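Data block below; observations after.
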Amino acid sequence: MATPTADPTLEQVRERAVDMFAQVQEAGLRFAGSVAETWTAALQNVPGVGAVTGRGAPAGLLSSPGEAVDRFYDTGVQLLEAQRSVAHQVLDAVAPALPSSRR
């Protein structure tokens, strides 16, 4: 016969959520690194992609280090927005288990 399980405490729910966020963030960083490595390898021998390989960029691609920085941070913003969305989904999922559900 199965034994009944107690409802998780608020602290247990918080710990699970923090663990999940850490796992999502780690997976996102691994994914971003993998994509960067893949694109760098794929574009390594393509003429005119110096912004990726360090051999000089043609017009229309990353024309300055400042533009490279902007694109890097724009990607970071997109990752953070995705993480925020996941956080809201987790909160919606665990809200019924919380003693008082205020958002």
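Shown is the FRET efficiency for M20 and R71, computed with R0 = 41 Å from the Cβ-Cβ distance and rounded to the nearest 0.05: 0.90.
Near A22, once Lys and Arg are set to +1 and Asp and Glu to -1 for all other residues with Cβ below 13 Å from its Cβ, the sum equals 0.
Remark on L98: its backbone amide H falls under 5 Å from none of the residues 5 or more positions apart or on other chains, H modelled at 1.01 Å from N.
Values in this text are rule-based calculations from the coordinates and carry no lab data. No experiment lies behind these values; they were computed from the predicted model shown. FYI the Cβ positions are ideal-geometry reconstructions off the backbone, even for glycines, and counts take in every protein chain you see.
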